[in-house]
Every structure is written in structure tokens, then in C-alpha cells.
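Presented below is the structure to which this report refers.
The values are calculated or read from the model by the stated rules, or taken from the named source; none is laboratory data. As the structure is a computational prediction, the values presented were derived from the model and not from experiment. Glycine also receives a Cβ, built like all others from the backbone with ideal geometry; neighbour counts cover every protein chain displayed.
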Amino acid sequence: MPAMTWKRPLLIYPYSPDKKSEKLYGGLAIINPIGLEVVATRLKPVVEDLLLVDMRVETEPLETLIRRFRPDMIAVSLMWGRDDFTNTLLRSLPRDVTLVLGGLYATREAEEILRDFPEMDILCVGYGEDALREMVERGSPEDVSGLWYRKRPTALPPDARPFEPAAEAAGHLQPAPPCADLVKNPRRVGVHPEHYHLDRSIRRYEYPWMTLKGDNIITSVGCPMVCAFCKWRENIFGDLQPWIGREPEDVVAELAATDADVVHLVDANFAADLGRLERICDLLIQRDVRHLYACEIRVNALAKSPQLVKKMERAGFFMFMVGIESYQPRLLKAMRKGYTVEMCRRAFRHLADTSILALGNFLIGNPGETADDMLGIADYAAELGIDFISPNKIYAYADTDFEQWVLAQPGMKVVGRRRYVVSDAYGVEDLRRIQARIQLRFLRKHPPWIPYRKALAHPMVQRIGREKVRRAMLRSLWNHLADAGFRRRAIRRFLKRFQRPKAGAAAL
């Protein structure tokens, strides 16, 4: 194939603004499409111009953007499945430019994508940032690891496509038949976290946290923990991914470059290396980098050192999302959480000496759990001093040890697309009612003004501006209350507290 480069890539995050799973914590935050921004960051130095479109927040019609930008390649990130919105978008794209599909879903459902989208020219299997960079530099997908492509004109840059007078007169090139030969290059193995330092000049949108300006970064990949129900330790292919972290200096350089008020570190296990974590905190303090940070963190890390937790508070860590899951030792053991109830109590004693907010994630519907056991989560969370809780229905991935353990218990089964764990005693609707009861019981014991006052006492809030954060919190609350959809959901959840199970509901 001739060596000609693509010059004007258009990158699209194709999900609807109405897609519930794209709104974090009930709509308080939207995460920027980090994977696609990493791809854009890698491509920018080797192209003439680049446009990244996020359909969740874009206000102009996509057709208008395409007409004005005139791309020669369109790359779409299918991370979290497909729906009518994404399918319609994909089939509306022009046929005279190279169409590339990639992302987690596209990788794991490659054969389905190939079948359903014959108009696609190139499928990026795995992490796309290096594969697409190499393809653009070489001017061809030929022999580029991680790319499958159909041998037809639209798989080439415009300058390298065969001259077709009739097609040129019509203003476009017709793609070759869908049955064009498919070439499957070897998969590209390995991931390079050093490429995750984003070039924010590519970003056209603001991503809020509450009503403050937000940002999201990733500083590591993988997770050394072996929780039975979790797949964060796997890479995009489903293989074991060793934990790899970026250098502290690089992380802090990126944090210093953003002008966001709140920064969410989206790592699966940000605190896996406590020495690295402490170095990041030291650099943030030394360089006086002022942001509020939110991250997921494990009980093990919080239990290790009260001094480190205090240092994280000084560095600006404002909110921890902690996977507690259960207060029952037998379930913690079955889940392979790697900590004990006493370790959890110690971790939250360390947190009690700070103004860091804590969201506790719990899992309900485990084998052998009664309604009283599940409701006990509210009492345990209040006792620990957790500020917010999220009781979630437990799920079991297919073909895992956890699924086998669940199904070996009397009366247990796994149901639905989300693979929820249910029992003869508690079906999906029963568990939803119990979720509502847990939340109400917790709020009675730990009313919302307690975390409100705690947040305003945080030392970094004082430095950023107490009044600014206070207004943002109150505006966020008002926006929720003013939203008709939120009110409907809140009323439904409240009423579920008093509903009686329907006959046969437990078998759902």
C-alpha cells in the first residue's frame, strides 16, 4: 500500500446525554472520555488538525461538525456497549472517509462488530493510541499490530485511494463491497501509562464536578488485589494486568497543568504503591498545587498509616470512594477482599481525624444474607463515620470462581444482562426495596448536614475558597431537587420502602 498519512482525524465518543451510566453519582459529575483523549494526545503531533467530539455534551449537530471539519478519518470509541443512539450515529457517518471502530466493547465483541458494521474499514483491537499513531505515521494499517482491516479503498488515506472519475464527480468514493478481504494483524500486547498524560488543548468541553469545574486523570493501570467479583485486574483482552504506575513527577506535572477545581483520579487502585502515593503528596504540597482530589482507595491503604492519611488531606484529597462491600467476615473472605473487619475499623479511625469525605460501597444479595443482615449495613456505616453509602446489588461475571461459588449455594442464581446474584428469598425487586430501606436508615443515623459541615472544614477547601465550595454544594442540591426526573426517582425509592413484595417476586 502507498505510504500516505491521514491528516484530519475526527474522534467521536458516541454516547447519548441521556445514557444513565454516563452520569456519575446521580449526575454530580461527568467523566471525560479519557481513553479517546489519550488517543488524541498521541495523534496530535503527527496530523495537521484533529477534532474530538463528545456526544454527551456536544451542542452542534454532528453532520454540521463533519461538514465544517472535513475529516479524512473518523474513529469511534465503543467502550460501553451499543444502543439505538450509537447504532444510528454509526450508520449516519459518511462513507468516503476511513471509519475506525475501537474500545473495550469493540475489542471484546469484535466478531459482532464486523458482522453488524460492514461499512467499517478498520477495527482497532486492544489499546488504540499506539496502533493508530503508527498507522498514521506509516500511511497504512498493513502490518500494524492491533489493527484488523478490510482491503478496500476507504481503508486508505484519501491521497492513496484509486482514482474513480464517476465517484469524484459525485463528490465521494463508494466503498468496496462488504465482503472485502479481512486482514487480521496480531494483537498489540502491553500498555504504556506514560502516554496517559493528556494534552488538554484537544478538549472542547468542560466536565463538571457538582457545579465546580472538574477534570479526570488516570495515573496507573491494573490492580494487585484479587477480589473475587471484580475484573479491574484484567486488561482490555481479559488477561491479568500487572499494576503499573506513572512516575510521581509526571502525575504532579499533569495535576499542576489543569485549572479544574475538582480532579478525579480514576485509577482502579490509585494507592497500590504507598511509597509512590506519599511522593505524589509531598510534591503536591511542595509545589502548592491547589485542587480537591477524589479517588477510589482500598481499606488496606487507609489502615496502614494515620500519618499518610493526614498527608493526603494536606495535599488536597477531599473524597475517598472505598469498597467496603460487607461487614460480615465470612462474606469478606468469600469475596477475597484481603482485609478484616478490624482493619476496616482502624482505617476509618484514621479517617476520623481528617475532614476527608468517605463514600462507602457495599454489596447486597450475597448467599446467606437476610434482610436484617443487609439493613445492618446502615448501622455499620454510621458507626464507622462514613459520610455517604452506596448499597449495590452484587453481580457475578460468567465463568469465574465467584460465580461457581454463588451457584453452589442453595437457592442462588445469576440473572439478567447485568448478571445480578439473586435467591429464592430475594429477587431483583426485593433487593431494590432493601437498597431504599438501607439508604433511609443510614440518613436517619447520619443526616446530610454532617458531611456538609465536614467538607467545608477541609483545609484545601479553605485555601480554594470556602464560600465557592459551599455555593457549589448548595447549587448541586438545588439542581437535583429542581430536576423532575430526580424527584420521580426519589419518590419511587421512598415508596419502595413501604411496598410489599408481589407474589413470586423473589423468583425474578
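Okay, residues lined up against (1) under 27 Å from GLN435 (Cβ atoms); (2) surrounded by fewer than 18 Cβ atoms within 10 Å (Cβ to Cβ); (3) assigned by TED's automatic domain parsing to the domain that holds PRO248:
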{"position": "VAL299", "(1), (2), (3)": "yes, no, yes"}
{"position": "GLU313", "(1), (2), (3)": "no, no, yes"}
{"position": "ILE324", "(1), (2), (3)": "yes, no, yes"}
{"position": "MET335", "(1), (2), (3)": "yes, no, yes"}
{"position": "ARG346", "(1), (2), (3)": "no, yes, yes"}
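Residues that are in the same structural domain as GLN241 (by TED's automatic domain parsing) and of a type in the set (Asp, Glu) number at least 1 in the following strands (runs of 3 or more DSSP E) confined to region 176-224: 212-217.
Answer yes if at least one residue in region 60-70 is farther than 23 Å from MET321 by Cβ, among the acidic types (Asp, Glu) and in the same structural domain as CYS124 (by TED's automatic domain parsing), and no otherwise. For region 60-70, residues farther than 23 Å from MET321 by Cβ, among the acidic types (Asp, Glu) and in the same structural domain as CYS124 (by TED's automatic domain parsing): present.
Screening TRP478 against (1) more than 30 Å from ASP372 (Cβ to Cβ); (2) hydrophobic (A, V, I, L, M, F, W, C); (3) surrounded by 12 or more Cβ atoms within 10 Å (Cβ to Cβ); (4) at pLDDT below 95 leaves a single unmet condition, (3). Residue count for region 396-405, restricted to those that are without any contact (Cβ under 8 Å) to a residue 40 or more places away in the chain and buried (at least 18 other Cβ atoms within 10 Å of the Cβ): 1. Of all residues assigned to region 230-248, at least one qualifies as being outside any loop (DSSP other than H, G, I, E, B) and within 25 Å of GLU313 (Cβ to Cβ). Taking the condition touching a Gly at 6+ places or on another chain (Cβ under 9 Å), more than 20 Å from GLY323 (Cα to Cα) and in the same structural domain as VAL299 (by TED's automatic domain parsing), does TYR420 pass? For TYR420, the condition - touching a Gly at 6+ places or on another chain (Cβ under 9 Å), more than 20 Å from GLY323 (Cα to Cα) and in the same structural domain as VAL299 (by TED's automatic domain parsing) - is not met. Restricting the first member to region 445-465 and to residues that are farther than 19 Å from PHE317 by Cβ, and the second to residues that are aromatic (Phe, Trp, Tyr), the beta-carbon pairs closer than 9 Å and six or more apart or on different chains are HIS446/PHE388; PRO448/PHE388.
Between ARG67, ARG42, the distinction of being farther than 19 Å from GLY214 by Cβ and over 22 Å from the mean Cα position of the chain (by Cα) belongs to ARG67 only. Listed here are the strands (runs of 3 or more DSSP E) enclosed by region 50-114 that have at least 3 residues being farther than 25 Å from ASN235 by Cβ and in contact with a helix residue (DSSP H, G or I) (Cβ under 7 Å, 6 or more places away or on another chain), and there are none.
Rundown of residues vs (1) of a type in the set (Val, Ile, Thr); (2) without any contact (Cβ under 8 Å) to a residue 24 or more places away in the chain, yes/no style:
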residue	(1), (2)
PRO329	no, yes
ALA358	no, no
ASN361	no, no
ASP379	no, no
ILE386	yes, no
PRO391	no, no
ILE394	yes, no
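Within region 372-415, the set of residues being of a type in the set (Lys, Arg) and more than 30 Å from ALA455 (Cβ to Cβ) comprises LYS413 only.
Each row is one residue, and each column tells you yes or no for (1) closer than 26 Å to VAL461 by Cβ; (2) part of a strand (DSSP E or B).
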{"position": "THR354", "(1), (2)": "yes, no"}
{"position": "GLY360", "(1), (2)": "yes, yes"}
{"position": "LEU363", "(1), (2)": "no, yes"}
{"position": "ASN366", "(1), (2)": "no, no"}
{"position": "GLN409", "(1), (2)": "no, no"}
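The set of residues in region 433-470 being surrounded by 14 or more Cβ atoms within 10 Å (Cβ to Cβ) and not in a helix (DSSP H, G or I) consists of HIS446, HIS458.
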